[in-house]
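The values are calculated or read from the model by the stated rules, or taken from the named source; none is laboratory data. Everything quoted here is computed from the prediction, not taken from an experiment. Backbone-built Cβ (ideal geometry, glycine too); neighbour counts: all protein chains shown.
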Amino acid sequence: MIPSLRQSFNASWTEAKYRDLVRRLELRTGATLGFPISETPCFFPKSLMSSLAATGLELFNQILNNRDTMAAADAVVPDRFKGSGAEEIPAFLQVDFGLVRAADGSIRPKLVELQAFASLYGFQVAVAEAYRDAFSLPASLDIFLDGLDATTYHALLEDVIVGSNDANEVVLMEIEPRAQKTWPDFVVTEQQWGVRAIDISEVHREGRRLYYRRDGKATRIRRIYNRVIPDELERKRLQLPFGYGDDLDVQWAGHPAWYFRISKFSIPFLRDPSVPETRFLDGIESLPTDREKYLLKPLFSFAGGGIIFAPTDAQIAAIPMNERKNYILQERINFTPVIDTPEGPAQAEIRLMYVRSGSQLRPVLPLLRMGRGKMMGVDHNKGLRWVGASAGFIAS
């Protein structure tokens with residue numbers, strides 16, 4: 001995206017520097033990474049990142065400030081995940097954009113997905129720091145958004161994750177956290193904010209209070225940094241030691257109700273040039289004939305699960321009529337490869353990460369994924385290099 005930085009990086013790249021990058025991350029997290037790290041970071045002009053951050057906020061506000069949209073969003077939250085403890089506005093928001101080249105030659109963003117759920121707020125900073133150190137990147141390149149720096153970012157995340165509580169009484173709650181690909185983020189979260197990852201099965205309840213064992217001692221849980229994905233909870237049919245709707249004396253950082261309220265379900269309600277044509281499957285009277293231009297997506301699956309490219313009549317007919325409200329048909333985005341690499345141009349998907357600050361959401365950090373397959377996930381880029389998880393550096 002910035003030719004001078006890209007050319008300089010490619011010219012000075014070595015396999016030894018890349019191995020050093022991965023070594024630094026594995027030392028930091030104490031674990032072998034369960035996903036590929038790209039051989040390169042991405043370099044973006046500040047104007048582009050500021051524009052993307054503003055667009056993400058505009059989309060969020062279209063949802064939150066529309067009474068009918070929010071009523072519809074509340075209605076799709078399953079009873080199991082409803083509860084009085086949900087925040088008035090979400091603690092976290094992720095907005096994913098692909099980059100495409102318009103007819104006039106300019107690069108424009110296209111919305112891929114959005115989700116009110118936590119992302120890699122710890123690990124993503126560690127990735128950027130590892131790139132900076134392994135490749136001796138200029139100190140002038142920034143990674144934070146909205147005027148934040150390392151100190152103010154740390155304080156903002158501490159406020160939303162820990163709040164006014166003792167960090168020992170805050171838990172990062174997940175399903176089998178050590179088995180998750182996001183485990184490296186959990187490690188960095190404890191390093192940075194003192195909040196330990198625990199399996200949801202380790203929680204026990206006494207009246208309105210929740211407890212877990214920390215270093216052999218029963219410890220009160222006053223706040224939950226929620227990383228349990230409802231989709232996984234449902235698929236595994238897990239029984240919890242408490243109910244999300246129970247009257248509990250506990251605070252939430254990311255109540256699961258928001259996972260449903262702001263999600264793929266929201267996209268058909270949005271109006272913006274960045275939003276691709278998206279319709280609920282049950283509301284389509286005449287299906288398009290140019291099916292290769294569309295994706296069929298289940299609403300509440302995570303990480304691209306269940307997506308069908310160019311869905312056929314047979315695949316659509318296989319979905320029962322009463323289930324079609326849980327699917328969207330979305331115009332497919334053809335990402336433009338904008339990152340020049342020694343093995344050919346690569347596509348970039350930019351995630352804008354937001355956290356609650358007071359009564360607003362604030363953009364804090366970009367997360368990058370690179371690929372050359374039809375999707376950004378690992379399964380669609382097997383055997384390729386210069387793809388995978390990456391960091392976005394911002395040049396003024």
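Numerical summary
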read-out: Selection from the stretch 307-317 of residues that are in contact (Cβ under 8 Å) with a residue 60 or more places away in the chain and either in a loop (DSSP other than H, G, I, E, B) or buried (at least 20 other Cβ atoms within 10 Å of the Cβ) (or both); value: Ile307
read-out: Among the residues listed as Arg23, Arg80, the single one being over 25 Å from Leu157 (Cα atoms), modelled with pLDDT of 95 or more and not in a loop (DSSP other than H, G, I, E, B); value: Arg23
read-out: Pick from the stretch 45-57, criterion in contact (Cβ under 8 Å) with a residue 60 or more places away in the chain and in contact with a Leu (Cβ under 9 Å, 6 or more places away or on another chain), ranking: nearest to Tyr131 (Cα to Cα); value: Met49
read-out: Whichever residue in the stretch 114-135 is over 24 Å from Ala91 (Cα atoms) and aliphatic (A, V, I, L, M) and, among such residues, is surrounded by the fewest Cβ atoms within 10 Å (Cβ to Cβ); value: Ala134
read-out: Elements of type strands (runs of 3 or more DSSP E) in the stretch 173-265, at least 2 residues being among the hydrophobic types (A, V, I, L, M, F, W, C); value: 196-199, 217-221, 251-253
read-out: Candidate set: the stretch 276-299, residues that are surrounded by 21 or more Cβ atoms within 10 Å (Cβ to Cβ) and closer than 23 Å to Val77 by Cβ; chosen: the one nearest to the chain's Cα centre (by Cα); value: Lys297
read-out: Lone qualifier among Arg223, Arg214, Arg237 - being over 20 Å from Ser84 (Cα atoms) and touching a residue at least 12 places away in the same chain (Cβ under 8 Å); value: Arg214
read-out: Test result for Gly194, surrounded by fewer than 14 Cβ atoms within 10 Å (Cβ to Cβ) and either touching a residue at least 12 places away in the same chain (Cβ under 8 Å) or on the phi > 0 side of the Ramachandran plot (or both); value: no
read-out: Which numbered condition Ala139 fails, given (1) part of a helix (DSSP H, G or I); (2) loosely packed, with under 15 Cβ neighbours inside 10 Å; value: (1)
read-out: The stretch 325-334, residues that are assigned to a loop (DSSP other than H, G, I, E, B) and out of contact with any Lys or Arg (no Cβ under 8 Å at 6 or more places or on another chain); value: Asn334
read-out: Candidates Leu93, Leu111, filtered to the one that is surrounded by 21 or more Cβ atoms within 10 Å (Cβ to Cβ) and over 30 Å from Leu27 (Cα atoms); value: Leu111
read-out: Candidates Ala318, Ala310, Ala346, filtered to the one that is in contact with a Lys or Arg (Cβ under 6 Å, 6 or more places away or on another chain) and over 30 Å from Ser4 (Cα atoms); value: Ala310
read-out: Residue in the stretch 27-42 that is of a type outside the set (Ser, Thr, Tyr) and assigned to a helix (DSSP H, G or I) present; value: yes
read-out: Val170 being in the same structural domain as Arg222 (by TED's automatic domain parsing), over 20 Å from the mean Cα position of the chain (by Cα) and within 21 Å of Pro90 (Cβ to Cβ); value: yes
read-out: Qualifying residue in the stretch 154-167 (condition: under 14 Å from Asn226 (Cβ atoms) and assigned to a strand (DSSP E or B)); value: no
read-out: Residue identified as modelled with pLDDT under 90 and among the acidic types (Asp, Glu) among Asp379, Asp340; value: Asp379
read-out: Which numbered condition Arg351 fails, given (1) at pLDDT below 95; (2) not in a loop (DSSP other than H, G, I, E, B); value: (1)
read-out: Meets criteria (of a type in the set (A, V, I, L, M), assigned to a helix (DSSP H, G or I) and under 30 Å from Ala257 (Cα atoms)) for Leu57; value: yes
read-out: Residue match in the stretch 156-176 (condition: at pLDDT below 95 and more than 17 Å from Arg80 (Cα to Cα)); value: no
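Here is a yes/no grid of residues against (1) of a type outside the set (D, E, K, R); (2) exposed (fewer than 13 other Cβ atoms within 10 Å of the Cβ); (3) in contact with a strand residue (DSSP E or B) (Cβ under 8 Å, 6 or more places away or on another chain); (4) touching a residue at least 60 places away in the same chain (Cβ under 8 Å):
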{"residue": "Ile319", "(1), (2), (3), (4)": "yes, no, yes, no"}
{"residue": "Lys325", "(1), (2), (3), (4)": "no, no, yes, no"}
{"residue": "Ile333", "(1), (2), (3), (4)": "yes, no, yes, yes"}
{"residue": "Val338", "(1), (2), (3), (4)": "yes, no, yes, yes"}
{"residue": "Gly344", "(1), (2), (3), (4)": "yes, yes, no, no"}
{"residue": "Glu349", "(1), (2), (3), (4)": "no, no, yes, yes"}
{"residue": "Met353", "(1), (2), (3), (4)": "yes, no, yes, yes"}
{"residue": "Leu365", "(1), (2), (3), (4)": "yes, no, yes, yes"}
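Quick grid of which residues meet (1) closer than 22 Å to Val387 by Cβ; (2) among the basic types (Lys, Arg); (3) in contact with a strand residue (DSSP E or B) (Cβ under 6 Å, 6 or more places away or on another chain):
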| residue | (1), (2), (3) |
| --- | --- |
| Arg23 | yes, yes, no |
| Thr32 | yes, no, no |
| Phe44 | yes, no, yes |
| Ala54 | no, no, no |
| Ala91 | no, no, yes |
| Ala103 | no, no, no |
| Tyr121 | no, no, no |
